[in-house]
Every structure is written in structure tokens, then in C-alpha cells.
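Colleague: Dropping a structure here in C-alpha cells format, bear with me for questions.
Only the coordinates and a few stated rules stand behind these numbers; no lab work does. Because the structure is a prediction, the values reported are computed rather than measured. Glycine gets a Cβ as well: all are built from the backbone with ideal geometry, and neighbour counts include every protein chain shown.
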Amino acid sequence: MNSISADTAVSERQINSVALIDENYSYQAIKTILNSLDALVYVSDLHTYDLLYINDYGVAEWGPVADKKCYQVLQAGQDSPCHFCTNHKLLDADGKPSGVHVWEFQNTLNGRWYQCRDQAISWVDGRLVRIEIATDITDRKHMEQQLADAKALAERQANTDELTQLYNRRAFFNLSRQVLLQAHRGGQDCAVVMFDLDHFKQVNDQWNHAAGDAVLVSLSALALRIVRASDILARVGGEEFAIVLPETNEEQALQLAERLRVGFEQHKIVIEGGEISCTASFGIACANFAELTTECEPQIMLENLLHKADQAMMQAKVSGRNRVYAWAE
């Protein structure tokens, strides 16, 4: 019996020894795999935030983790759990792991972007932990930003007059249709102002085209300072401009146009060799959509108002220029 017992004890020790060897081999194999990844892998306690493991990539980027919390190592200036922590998203209502949560984040310590894959799992001692695999996607983010910037620039260029930096004709019609549609639906007033610089050809003939461009740029900047942020000011022709004024009646439109007229009249454009003054003639047309009972397409509404404003502007020209006229039946 003693011999059998001894043999049994030896066998158990051998089995345990083999099991320990297998566990150690498995751990080393897993550790080797995780350390070979070009990504951060770390494990932290879901409740205490203690860092339990971090791979070589993480140590090289964020330093040693002994006896530290995840937020103390991985983030900047944190002495408590991060407000953006996703731990609460890793468990379901019963406190059980709910699967993988994928998100993107710009690290506060090194400023780089990461795609993070977070998951709650059971650790070797039975407690719930968070494991995160964070892959650096900074280059992709920079490329995405460059593409977004290029798209925004292309859209701005497509909608902007190159010389004056005002809206161009294309943008004016697109935006104005939206404003008129909103005014129609809301039963609001809306006004259109058109103005044309007086004797502009003489500026080009007397000075040069560069001087003419300087006049256009300077008066456009002045007009932009006078109109409201909600108004749509555009260069729609060579020296012709248009403004759509939301929620504006005829009296208010006349006041704005008069401010523009006086501003232009008093404005001096300094160029090499002298100063240039240039006035403008203004035409106004208004619509009171509260009194309109029939449906009308925004494009047709806009064309009607522009036509009336243009007729009023021509009347201002015929009457001596440097004037403001409102269209009347």
C-alpha cells in the first residue's frame, strides 16, 4: 500500500508539473504573440482600474505600469477615471460581458489617433477585466482630414467668386432658393436688392483693369461689412451684385440699400497713382409671403423678384445713377 501511495503521489506531482509546464508554455506563447503586435494591448480591472498587463508596444510608448491605474499611464493629467472611459459599455444590464465595443480616440498623452477594440473578459483569478487592443490610425486620420479639407476647399471654390471672395452666381441661386422656400412656408417677408457699379467701364479705361479689380474687391468688402450675417451677398456679373434679405420688408430693404449707397459714395479706393471713387445704383423688390395664397416654385419666385429688382435698378440708372429705387406696379 505504501508503495502504491508513493507511486500515486509521484504520478500526481508529474501531472501537476506537466500542467504547470503547459500553462507556462501557453502563457509565454500568448505573451509572444501579443508582444509581436504593432498595437497596444492592455488589461485593467473593470472596477479598480488597476493595470494588470500591457504588451511591449505599450511599455515602449507609455512606460512601465507597476502598481498604476490605466488612466495614470495611458492618459495625460488624469488622477481619476477618464470621463470618456468605455467600461460601462462593456457589460450588459446583468453585469455580464456584452461583446466588443469599437471606437476611435485621440490619445491625450501623445496626440495620436487609435482605433480601440474593448471587451470585458474573465481574468485568470475570476474577476472581470477590460482588455483593449488599440491600433494606431493617425496616418489614416490625417489622410481623411486632408481629403475633407480638399473637399471643403473645392466646395468653397465652386461657390466663391475668385476675385471678391463673395458668393458667386451659382451659390447665390442655390442659397436664395432655399431662403425663399423657407420664407414662403413661414409666411415671412423677403427682399432682393440688385446693384450695379456706375460708370465702371470708365474706371478700367481711365486707370487699368488692375485698378478696376481693386475697386471690386474694396467695395465688396465694404458691402460685406454692412449687410447682415443672414443676408446672401453675391457677385452675379462683372460689376453687378445681388443680395437676398430674409425676413426683410421694403422699408428695411430701402434702409440697407441706402446705407450701401452712402458707403460707396464716401469710400475712397487708394491705388498707385491716386484715389478712385465709385458709386452704385440700386433696385429693390420685395415679397410678402403672408399675403401669397398660391403655391409657387422657389426658382420662379426668385426669378420674379430678380426681374423686378433689375427693373428698379435700371430705373435708378436712367434717373441719374447713385440712387435707390424700389420696384412698383
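Colleague: Within the range 160-326, what percent of beta bridges assigned by DSSP are antiparallel, to the nearest 5?
Modeller: Of those bridges, close to 85 percent are antiparallel.
Colleague: Got a sec? How would CYS85, CYS286 order by Cβ neighbour count within 10 Å, fewest to most?
Modeller: CYS85, CYS286
Colleague: Please list 111-124, 40-53 highest first by mean number of surrounding beta-carbon atoms within 10 Å per residue.
Modeller: 40-53, 111-124
Colleague: Over the range 14-140, what is the relative contact order in percent, taking alpha-carbon pairs closer than 8 angstrom and at least six residues apart?
Modeller: 22
Colleague: Here is a further query. Give me the dipole magnitude in Debye, nearest 20, for the range 14-140 about the Cα centre, with unit charges on the beta carbon: positive for Lys and Arg, negative for Asp and Glu.
Modeller: Here the size comes out at about 160 debye.
Colleague: Restricting attention to the range 123-164, which GluC sites (Glu not before Pro) occupy a DSSP loop and are surrounded by at most 13 other Cβ atoms within 10 Å?
Modeller: GLU162
Colleague: Here's a follow-up. Suppose every Lys and Arg Cβ carries +1 and every Asp and Glu Cβ carries -1, with no other charges. What dipole size does the chain come out with about its Cα centre, to the nearest 20 debye?
Modeller: Result for the chain is approximately 380 debye, rounded to the nearest 20.
Colleague: What value, in deg cm²/dmol to 500, does the helix sum -39500 (n - 2.57) over DSSP H runs of n ≥ 4 give at 222 nm once divided by the residues of the chain?
Modeller: Result for the chain: -15000 deg cm²/dmol, rounded to the nearest 500.
Colleague: Determine which lysines satisfy two conditions relative to LYS141: a Cα distance under 21 Å, and not lying fewer than 8 residues away in the same chain.
Modeller: Output for LYS141: LYS151.
Colleague: While we're looking at this one, here's another question. If you work out Rg and Dmax of the Cα atoms in Å from the coordinates, which of [x] 21.2, 70; [y] 36.1, 130; [z] 18.8, 58 do you get?
Modeller: Given [x] 21.2, 70; [y] 36.1, 130; [z] 18.8, 58, the calculated one carries the label [y].
Colleague: Looking at the chain, do any whole DSSP H helices span at least 27 angstrom along their long axis by alpha carbon and average -1.0 or above on Kyte-Doolittle, and which?
Modeller: 2-36, 298-318
Colleague: Here's another thing I want to ask about it. Identify all lysines with a Cα-Cα distance to LYS89 below 24 Å; exclude those on the same chain that are fewer than 8 residues away in sequence.
Modeller: LYS68, LYS69
Colleague: Can I ask one more? For a protection proxy built on the mean count of beta-carbon atoms within 10 angstrom, sort 192-201, 298-307, 267-276 highest first, please.
Modeller: With the highest mean Cβ count within 10 Å placed first, the list reads 192-201, 298-307, 267-276.
Colleague: Less than 12 Å apart at the alpha-carbon level, and either on another chain or at least 8 residues along: which aspartates and glutamates does that give for LYS308?
Modeller: Excluding near neighbours in sequence, the set is GLU329.
Colleague: Oh, and also: Whole Å is fine, so just give me how far the alpha carbon centre of the range 136-169 lies from that of the range 258-272.
Modeller: What the calculation gives is 33 Å, centre to centre.
Colleague: Also, quick follow-up: Please work out how much length the chain gains when fully extended from HIS47 to HIS142, using 0.36 nm per residue of separation minus the C-alpha to C-alpha distance, in nm with one decimal.
Modeller: Full extension of this stretch gives 30.7 nm more.
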